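Below is one structure; the comments refer to it alone.
The values are calculated or read from the model by the stated rules, or taken from the named source; none is laboratory data. Every value quoted in this text rests on a predicted model; they were computed, and no experiment measured them. As a convention, Cβ positions derive from the backbone with ideal geometry for all residues, glycine included, and neighbour counts pool all protein chains shown. We work out accessible area using only protein heavy atoms, side chains counted, and drop any ligands, DNA or RNA first. Shrake-Rupley method; radii C 1.70, N 1.55, O 1.52, S 1.80 Å.
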Amino acid sequence: MAGVSTLQNGSLSKLQSLHGIFAIYKKEGPTSADVLNTLKKALLKEAGVANPNPRKRKKQPFKIGHGGTLDSNASGVLVVGIGEGTKMLTTMLAGSKKYRAVGELGKATDTLDVTGNVVEEKSYDHITKEAFEEKLKQFTGEIMQVPPLYSALKKDGKRMSVLLKQGQEVEAKPARPVTVYSLSLQDFSPPLFTIDVECGGGFYVRSLVDDLAKGLLSCAHIKELSRTKQGQFTLEEHALKEECWTLADISQALQPCPKPSEQQKNAKKAKSKQKPGPSESKGDDGDHNSD
C-alpha cells in the first residue's frame, strides 16, 4: 500500500509541476467547459485523487483553463493552459485562428447554426460560384461584425444565450471591428458550400456565414464547423485526442512557460491575502467570445 501511495503522490507532484499550454481535440457535442472538465477529471484520476470533482472551483490541486470557446456543435483545436500556463491564454485569444465551415444556403436559424430553429427560408438558385467568390472579397481584411445573439457574450453578468433560452429579450451587441486574414471557397454544391477562414480574436464564423448569404440576397446557416488552427497549434499535428489525455502525452506535447520563482510565489501569496480572487483562469469559465 505504501508503494501505491508513493506512486500516487509522485503522479500528483508531476501534475502540479506542469506549466504551459497544449492543444486537445474537442469533438462535436459537448461544450468547451464540459470538455475541460473531462480532461481535468482524467488527470486528477491518474494522479490518484479520490472522487475528483472537476467542477469544484476552490481547493483544486492544479489550475487549468482554455483559450477560446468552441460552440457545442463545433469541433477542432481547443488550446489549454495548465499551471502558470493559464496566464498565457490571453495571447491565444488575441492570436489568429483558422476554421473550416460547411454552410447551407436557403435557410436561416435563430442560432445561425444547425442547432437552432429555422426562422427564414429564401431562394438561392440565383447564386453562382463566381458571385459567391466575388462576395467573399468584401469580408476580407478589417470589417465590422455584429456578434450573434446566441453567444457566450454577457449581459448583466449572464450569457446572452442563456437569457434567450429563458425567454428574455436580448438586444444585439453593437458591431465591432474584427480581422479576416484570408477567406476562400473550398466547395460550392448548392445548397451546401465549404469555406476556409483565418481570422483574429473575437470573430464569429456564424455571423460571417449569415452576413455573406444576406449580401447574396439569400440566407444561410452553419451545418458543420471545425477549428483547424489556433496560434501555433494545428488540428493535424498538435490536438490530442481523448485517449491521449494522460500525464505522459501532455508532458510531451506541452509548450512550457517559465516556472514562477520563490519571490513571485511569495508576492502572489501576499497579494491573495490582501484581495481574494478566483482560483482558476477565466478560460475555465468557457465564456470567451469566439466561435
Residues in segment 103-126 that are touching a Pro at 6+ places or on another chain (Cβ under 8 Å) and modelled with pLDDT under 95: how many? 2
Does segment 16-32 contain any residue that is at pLDDT 90 or above, under 22 Å from THR91 (Cα atoms), of a type in the set (S, T, N, Q) and open to solvent by less than 20 Å² (accessible area, probe 1.4 Å)? yes
Enumeration of residues in segment 93-138 that are open to solvent by less than 30 Å² (accessible area, probe 1.4 Å) and aromatic (Phe, Trp, Tyr): TYR99, PHE132
Of all residues in segment 187-206, which are outside any strand (DSSP E or B), at pLDDT 95 or above and surrounded by fewer than 19 Cβ atoms within 10 Å (Cβ to Cβ)? PRO190, PRO191
Pairs please, first residue from segment 9-23 and farther than 15 Å from TRP245 by Cβ, second anywhere and among the basic types (Lys, Arg) and open to solvent by 20 Å² or more (accessible area, probe 1.4 Å), Cβ atoms under 8 Å, 6+ apart in sequence or on different chains. HIS19/LYS259
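One residue is enough: does segment 48-70 have a residue meeting the conditions part of a strand (DSSP E or B) and either within 30 Å of ILE195 (Cα to Cα) or open to solvent by 30 Å² or more (accessible area, probe 1.4 Å) (or both)? Show your work before the answer.
Going through segment 48-70, the residues part of a strand (DSSP E or B) turn out to be 64-66.
Among the residues that remain, those that are also either within 30 Å of ILE195 (Cα to Cα) or open to solvent by 30 Å² or more (accessible area, probe 1.4 Å) (or both) are: 65-66.
The answer is yes; a qualifying residue exists.
Report the residue count in segment 219-234 for those that are surrounded by fewer than 21 Cβ atoms within 10 Å (Cβ to Cβ) and modelled with pLDDT under 95.
From segment 219-234, those surrounded by fewer than 21 Cβ atoms within 10 Å (Cβ to Cβ) are 223-224, 226, 228, 232, 234; that's our starting set.
Narrowing further to those that are modelled with pLDDT under 95: 232.
The total comes to 1.
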